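**Student:** Dumping the structure here so I can ask a few things about it.
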Amino acid sequence: MELRAGGLDDPRVRALIAHHLADARGSTPADNAHALDAAALDRPDIDFWAMWEGEELLGIGALRWLDADHAEIKSMRTAPTHLRRGVARAILTQLIAQARAHGFARVSLETGTAPMFDAANRMYEAAGFADCPAYGGYPASPHNRFMTLAL
């Protein structure tokens, strides 16, 4: 597995982002679905990454710079054919390492509370993330879970 920076112009990456959006929006009310499309991920304050095995896309993730001390993990998604292989854990580990390398004091994330998010929530808890209040302009809701990790 190799994590590569960029890739938003790759049609395989765009298809996985579209799949991620459809799933998130299908299980969370529209006002509480905060997944980003490819255009929204293509910004100077977001570092986007794709995990590959050769030329096969395994998953994606991004790191958004909120302020000098705080980053946010966005768009974590494993390709459906590669679930339960440790892809998401590997991407998360790399994103946390990137946040540390940039000197952030903490990294946070917003995820869902619907059953489809259960595995992700367990992974974030196992990585040391703890629940926190809503941040970054997100509204608090029973459909969203906010978590943070001190670095």
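**Student:** Using the Cα centre as the reference, give the magnitude of the dipole from point charges on the C-beta atoms of the stretch 1-102 (Lys, Arg: +1; Asp, Glu: -1; all else neutral), rounded to the nearest 20 debye.
**Tutor:** Rounded to the nearest 20 debye, it is 340 debye.
**Student:** Here's something else I'd like to know. Give a residue-ordered list of calculated ³J(HN,Hα) values for the stretch 48-65 (Karplus: 6.51 cos²θ - 1.76 cosθ + 1.60, θ = phi - 60°; whole Hz; x for Gly, Pro).
**Tutor:** With coefficients 6.51, -1.76 and 1.60, one gets 9, 9, 10, 9, 10, 10, x, 9, 9, 6, 9, x, 9, x, 9, 10, 9, 8 Hz.
**Student:** Go through the stretch 71-79 residue by residue and turn each phi into a ³J(HN,Hα) via Karplus (6.51, -1.76, 1.60, θ = phi - 60°); whole Hz please, and just put x for glycine and proline.
**Tutor:** Once θ is set to phi - 60°, the couplings for the stretch 71-79 become 10, 10, 7, 10, 6, 6, 7, 9, 4 Hz.
**Student:** Let a ≥ b ≥ c be the square roots of the eigenvalues of the Cα gyration tensor of the stretch 110-151; is it rounded (a/c under 1.5), or, if not, prolate (a/b larger than b/c) or oblate?
**Tutor:** Oblate, because a/c is 1.5 or more while a/b does not exceed b/c.
**Student:** Taking amide H positions as placed in the peptide plane 1.01 Å from N, state which residues far from Leu58 in sequence (5 or more) or on other chains have amide H under 5 Å from it.
**Tutor:** Counting only residues 5 or more places away or on other chains, the set is Met51, Trp52, Glu53.
**Student:** Now, a different point. Go through the stretch 126-136 residue by residue and turn each phi into a ³J(HN,Hα) via Karplus (6.51, -1.76, 1.60, θ = phi - 60°); whole Hz please, and just put x for glycine and proline.
**Tutor:** 5, 7, x, 5, 10, 4, 8, x, 4, 9, x
**Student:** Could you give the alpha-carbon Rg of the stretch 1-148 over 2.2 N^0.38 Å, rounded to two decimals? Walk me through the numbers on the way to the answer.
**Tutor:** Numbers: Rg = 14.2 Å, N = 148, 2.2 N^0.38 = 14.7 Å.
Normalised Rg, Cα atoms only: 0.96.
**Student:** Here is a further query. Would you mind telling me which residue in Ser75, Ser27, Ser108 has the biggest mean-square fluctuation in a Gaussian network model of the chain, where springs connect alpha carbons within a distance under 10 angstrom?
**Tutor:** Residue with maximal mean-square fluctuation among Ser75, Ser27, Ser108: Ser27.
**Student:** Then there's this: Can you work out the accessible area per residue across the stretch 37-148, with the rest of the protein chains kept in place, probe 1.4 Å, in square angstrom? Before the final figure, lay out the partial values.
**Tutor:** On the way: 5240 Å² over 112 residues.
Accessible surface, normalised per residue, equals 47 Å².
**Student:** Could you identify which residue out of Ala50, Ala33, Ala140 has the top mean-square fluctuation in a GNM of the chain using Cα springs shorter than 10 Å?
**Tutor:** Ala140
**Student:** Ok, one more. If you rank Arg77, Arg84 by how much accessible surface each has, with a 1.4 Å probe, what is the order from largest down? Write down the numbers at each step before the final one.
**Tutor:** Working: Arg77 40, Arg84 200 Å².
Per-residue accessible area, sorted high to low, gives Arg84, Arg77.
The values are calculated or read from the model by the stated rules, or taken from the named source; none is laboratory data. These numbers were taken from a predicted model, which means no experiment stands behind them. Note that each Cβ is placed from the backbone with ideal geometry, even for glycine, and that neighbours are counted across all protein chains shown. Calculation scope for accessible area: heavy atoms of the full protein, side chains included, ligands and nucleic acids excluded. Shrake-Rupley method; radii C 1.70, N 1.55, O 1.52, S 1.80 Å.
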